[in-house]
Structure formats: structure tokens, C-alpha cells
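Structure record follows, encoded as C-alpha cells.
What follows draws every value from the coordinates through simple rules; no lab data is involved. The structure displayed is predicted, hence computed values, not measured ones. Virtual Cβ from ideal backbone geometry, glycine too; neighbours counted across all protein chains shown.
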Amino acid sequence: MKKTTLATLSLAMLGATGAAHAQNSVTLYGIVDTGLTFIHNDGGNGNSYSMSSGNMSGNRFGLKGTEDLGGGLKTIFVLENGFNSTNGKLGQGSRMFGRQAYIGLTGDTWGTVTAGRQYDPLVDLVQPVQGDNWLGGIFSTPGDIDNADNSARVNNSIKYTSPVWAGFQFEGMYSLGGVAGATGSGQSYAGAASYSFGQMNLAAGYYHLSNGNTLAARLAGTTTWDSLFNTSVNAAYQSASSINNARIGGNYTFGPVTAGGYYSYAEYTADGRSLFTRAQKYNTGSVYAMWQVSAPLQAEAGYTYMHSTGNSSAKYNQFALAADYLLSKRTDVYAQVAYALASGTEDPAGGQAQAVIGSATGDSGSNKQALVTVGIRHKF
């Protein structure tokens, strides 16, 4: 993304204090993405036609900055806001900087340490090889129950990112729960690694989330992560004692085509405080192909299958197509089409599984759902 420099501030005025070598820069950047969307079966209310926000990329504006401390060491920070471009409302639970808010140090040889509200390592290293990294969340896991499309961020987190060594990189993260007298309540940890060689890219990662030590805390969503319970796909398992996810993916580029996919295993565990009795498990496989038709035009097709077992059993099939055309280096127009079909039950009470398209839609109120979106996006 091309960034616009808002201010580059010289600190030469501090020369009297011996800090004349330091330089500080702050950059303003963002994305505005708005479209028109038709959904067949929207929340049990039939068809809907609406203006939609963040279809290809989440809307945002942010500030990012660095200060050169000398000797290859720099201070870095990011403050990134999310918003709805159709009504101007704040996103991510009405947080001012809900997408990201962190500060840290980075060194040329030893890597980067950051602290604050951040993406987990799987988002940083595994998602770039997935289909949703290209043309939107319609290519991701139904309901985003495994955070494959980064619906959730992590609060109170400390993250280490290594340099890239001969194509290899890794990240580790730990997030403090912050509950007095119960250190482990709400805490989380995660790790991921990636490796690139030639036209091949591979990545894998794992995260563990403690969901709180009391039922009230779990239902209130007081963990270090944002909620993963956004649709009926996993709503019955909000009282889980913990959530575990392992994900592996890869892609390969040959000529104008990049093909790849990922496999994800998500587990919602139960204990005596949970409102369900056995671990609920989700196995997801997703494949895609992205074709660079010409310099301004790219198209993508993908298929995602998910099977849940445990307290309930459901199968989800999802088909997605999208195309994007660059009007300039910063502005593009796009179209998305997706169809989902669900079968089986999605909760212990035997409720019928509802179709949900990736992270793009809510509950359908039916076992079928379809989506068509056309829109425009500008990056600055």
C-alpha cells in the first residue's frame, strides 16, 4: 500500500542534549471500501439489499511512526482505527483505535518486540497464503470461528517477530489475562512460522485462548481476545473453557496464477462451568486460485468445506468468486459472488445448521445463503 507522509519531524533541535542523530517520522494511511450488497436469506428475513462497508478490506485510518535511536535500533508505533463507511460509526466495539494500538522496538539483527492491541501470529504469517488475503472474507471459514479472517485482535499482548533468515520467519505472542488472583484467566498465547523459497510459500501456527474462570466472564467476553462468537455457527459454545486452533497453509505461483489453501482445526473445550458437555471440534479445508488476468485485472475462485463434531454435527460448503480491477494505483472496483450450503445441527439442542458466508455475512436463518457485492475501494 502506498502511504502518504503526514509529517516528518527533525529532532536536530535536541542537539544540545546529545540526541541530534535521532529522526522521527509519522505517516497517515488508510482504506475506504464501500459497496452495494444483495443477500439471499439474511437473518431469516428473506432477501436484503444494502450499502455495505469493508467488503474487500476493513475500513481504517491509522498513524504509524518510527524513531531512529541509532545503532540499528528504532522505536515503532501503530494507532489504527476501524470504521463503518456507510454511517461513520466506530468499529471493533466502538474503540477509538480498535484495529491496532501498539508500541515497540525493532532491531536490524534481532527482530521486533511490540506491546498492546495486536494481530496474533497466525494472522501475520499464515493468513497471507490463504484465499481471503486476496479478494475478501468470502474465501474464509464460515463464521470465522477460527479467526482465519482476523475478526479478532488480542489485547494486553506482547509479541516477538524474528527477522527473515533465508526465507524463514517466526513469531510468538503472550497476552496477560489481567484478572486479580487468577493469572491464567483470560490469558492467551500463540506462535507461527513461515518459509518461502522460490515460488512456494508455507506457513503454520497455533493459538490457545483461556476463556475465563467463571461462566459470567465467558458469556460477557472478558478474555484478552475479541469475541469469536459472531454467528450461530459456534454461538452455542460461548461458555467454552478454552479455544485452541492449529492452522497450516501454503501457495505456489506459476506464471500469472497463484494456487493455494489452508487446513484449520479449531477446538472449543468444556469443563464444569460450560453449558455443553464435550469438546466441539471444527475441521476446515479451503482451496483457491488467483489469476492475474492483466496488469489491472485479477480474478479468484475458491471452495471451503467445514465439518463440526462433538455436541452437534454439521457440514458447511461454500463457493466463492471475485474479480478486482485497478482504476489507478490507489483506486479499484470489484465484484464478489458467493453461495453457501449447510446441513446437520449446529447446537446441542439440535438446531438446524445455518449457512454463513465466510466472515462476510451473519446468520441466514436457512441452510442456504447467497451474496452478490459490487463496490469501490481507495487506499491512501
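Quick look at the numbers
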quantity	calculated
Spin-label model distance (nm) - PHE197 vs ILE376, 7 Å beyond Cα toward Cβ	4.6 nm
Potential lengthening between LEU321 and THR277 on full extension [0.36 nm per residue; Cα-Cα distance subtracted]	12.0 nm
Coil-residue trypsin sites (Lys or Arg not before Pro) of the stretch 269-346, DSSP, other Cβ within 10 Å capped at 12	LYS329
Spatially proximal aspartates and glutamates relative to LYS74 (Cα-Cα < 13 Å; intrachain offsets below 8 disregarded)	ASP108
Cut-off 12 Å between beta-carbons: net charge of the residues surrounding VAL293, Lys and Arg +1, Asp and Glu -1	-2
Within the stretch 175-190: backbone nitrogen closer than 17 Å to the ALA115 label point (7 Å, Cα to C-beta)	175-179, 188
Ratio of Rg to Rh over the chain (Cα coordinates, Kirkwood Rh, two decimals)	0.98
Whether the stretch 120-165 is rounded, prolate or oblate, judged on the alpha carbon gyration tensor where a/c under 1.5 counts as rounded	oblate
Entries of LYS315/LYS379; LYS281/LYS368; LYS329/LYS368; LYS159/LYS315; LYS281/LYS379; LYS64/LYS281 with Cα pairs more than 29 Å apart	LYS315/LYS379; LYS329/LYS368; LYS159/LYS315; LYS281/LYS379; LYS64/LYS281
Distance in nm between pseudo-label sites at LEU73 and ALA216 (7 Å out along the Cβ direction from Cα)	4.6 nm
For the chain, calculated [θ]222 nm from helices alone, where every DSSP H run of n ≥ 4 adds -39500 (n - 2.57)	-1000 deg cm²/dmol
Cβ-Cβ FRET estimate between PHE168 and VAL287, R0 fixed at 22 Å, reported to 0.05	0.35
